[in-house]
1. Relative contact order for the chain: what is it in percent, counting Cα pairs under 8 Å that are at least 6 residues apart?
2. Put +1 on the Cβ of each Lys and Arg and -1 on the Cβ of each Asp and Glu in the range 380-584; which of L385, I553, M525 then has its Cα farthest toward the positive end of the dipole?
3. Can you give the Rg and Dmax of the range 380-584 based on its C-alpha atoms, in angstrom?
4. Need one number: % antiparallel among DSSP beta bridges in the chain, to the nearest 5.
5. Check cross-link reach from K65 to the lysines: straight Cα distance under 28 Å, and skip same-chain residues fewer than eight apart.
6. Nearest 20 debye, what's the magnitude of the dipole of the range 280-371 about its Cα centre given +1 on Lys and Arg Cβ and -1 on Asp and Glu Cβ?
7. Report the charge-dipole magnitude of the chain in Debye, nearest 20, computed about the Cα centre from +1 at each Lys and Arg Cβ and -1 at each Asp and Glu Cβ.
8. Straight-line reach from K267: which lysines have a Cα under 27 Å away, not including same-chain ones fewer than 8 places off?
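No value in this document is a laboratory result; all are computed from the given coordinates. All values derive from a computational prediction rather than experimental measurement. Every residue, glycine among them, receives a Cβ derived from its backbone with ideal geometry; neighbour counts consider all protein chains shown.
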Amino acid sequence: MKFLRNIGRAMADAWRLTKPYFKSEEKFVAWGLLAAIIALNLVSVYLNVLYSYWYKIFYNALQAKDEPAFWGSIFTYRFIKGYPWFVPGFAEIAVFNILVGVYAFYLQQMLEIRWRRWITDNFVKDWLTGRAHYQISLMAEAGSPLDNPDQRIADDLRSFVSNNLSLGISFIANIVNLLSFIFVLWFLVPPLHIFGAVIPGYLVWTAIVYSLIGTYLTHVIGWKLIPLSFQQQQVDADFRFNLIRVRENTEQIALYGGEAEETIGLKQRFHAIYLNWWMIMKRTKALNFFTIGFSQVAIIFPILIAAPGYFTGLFTLGLLLQINNIFGNVQGSFSWFVGAYPQIVGWRATVQRLDGFERAVVAAHVQQNAAPGGEPGTMLRADDLAIDLPDGRKLFAQSHLAIARGEPMAITGASGSGKSTLFRMFAGIWPFGKGRVSRPVGRSMFLPQRPYFPLGSLKRAVAYPCQEYDVADQDVRAALEDVGLGSLAARLEQVDNWTLRLSGGEQQRLALARALIVKPDWLFMDEALSAIDEAAIGDLFALLRARLPETQIISIAHQDSVISLHARRARLTRGADGAMELITDAEKLVGE
């Protein structure tokens, strides 16, 4: 019962993930392709039925040494009494079977890639909309079980779509196959007379019992593969994530000489793969012993059951082989679960991971909607503001805070005091807190200490977050010249990993070029000048003031050379209740 409940839950989750596509703007194409694939699979089942009757004709001709009938069975069709009324020659059946097989697979691939494109687009959209990707990373820090969202979008969605189609279509085809052959087998073989009893369709009952026993034992042996498969996907993703981290931070690792430490970390993560894989191997070995043995016995089992009728003259050789073929189809349909079990294991683990991802995205949107907010105003204002850490600890508390437009402002404070988190609250991305925050109208731009560079050309890196096609080349070149990166102006179309190609100071200069292009109304800089040589900081800051005269600049800074450039200053100080608060050098609240 527990197994049936788990399968039922998995099917409900899978349907919930599947339904949106088949109700989307692509629903007519999706249902049309699915109907065509199912129809071709039904034709394939019918061709298998014809093959079973062809076997009878073919082997009877061999038994009778009837050469004309033998060659006729290869190339010509014939009418027979009863279902299916006529049997084509082998050549005709083979040609149709090839065409059906090729186009069924081709259309299935077409539906798979269209579905994968649609569901990937929607998962990516949900993940990035409302900064859910950021909320999920914070929840992961707070103990959420969600891990490696990149793998869930790239790998799990591919597996989900592929397995859904292959398992679903295979299951439908097997049901039709079963219904097509079970009646043929029932009426093809005379009732069994044993111990004074008459058992009609005894081969059908034999196939049912044989398959049920196989299905039950398969689950008993293989159910532990489900959690092991889930764990394998997770440890594989952890190892891959570690490799990506090494690739993205090669310079830092090289400068630290941290190769030995990275080697240990990678070995540890691969060791988790190794151990889990061994457990999968042992369980799969036991399952394969049974399923392969079950399949081998099934080859000869119907012949052993029907052989007495052949030796008594009740069956011809052709009928015996037809019974073997039909019994194999009936038993194979009943035993579909046995052969599909390893694929079902992977499908169940994938559904669990995607369900967890989707729920995490929904929770992130709910969390983001609960973040402090208010009506936009002319200044940055907060009332009864409280900021917490993801684990629930109180970080910042202030009854009133207001920052009006005017001279640039520098915010200082000890490391770990919450300056960057305060900026996140100003940006509206920090969900852990309460109060009312009114953010200023206009466009705000935040420059972190370590800029982000998207993959692609240098122009895309400079124009980000704008679309590179919306920014003129001459504007990008002018911005690079202004911030001292004129040597890069001729390389706008060059594609490179700019995070590795540029030094820390060059990266921060490039981020300043973005500000010159965007021209925000409010510019928040979080240690955004920390990697630039001090001799150039004053000139770059003066450039910002000159080119962006209407922009309100608020900076987090530690360097005196940076702080001195700001006419207004405030610092984070621990209050009486242990939480931080923002005060000016005059010991009063900012804006009061």
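1. Values: 791 pairs, mean separation 81.9, N = 592.
Result for the chain is 14 percent.
2. Farthest towards the positive end: L385.
3. Values for the range 380-584 (Cα only, Rg and Dmax): 17.7, 56 Å.
4. Working: 26 of 44 bridges.
Taking every DSSP beta bridge with both residues in the chain, the antiparallel ones total about 60 percent.
5. Partners within reach: K56, K81.
6. Values: 6 positive and 2 negative charges, 67 e Å.
Magnitude of the dipole: close to 320 debye.
7. Values: 56 positive and 51 negative charges, 396 e Å.
With Lys and Arg at +1 and Asp and Glu at -1, about 1900 debye.
8. Qualifying lysines at Cα under 27 Å: K224, K282, K285.
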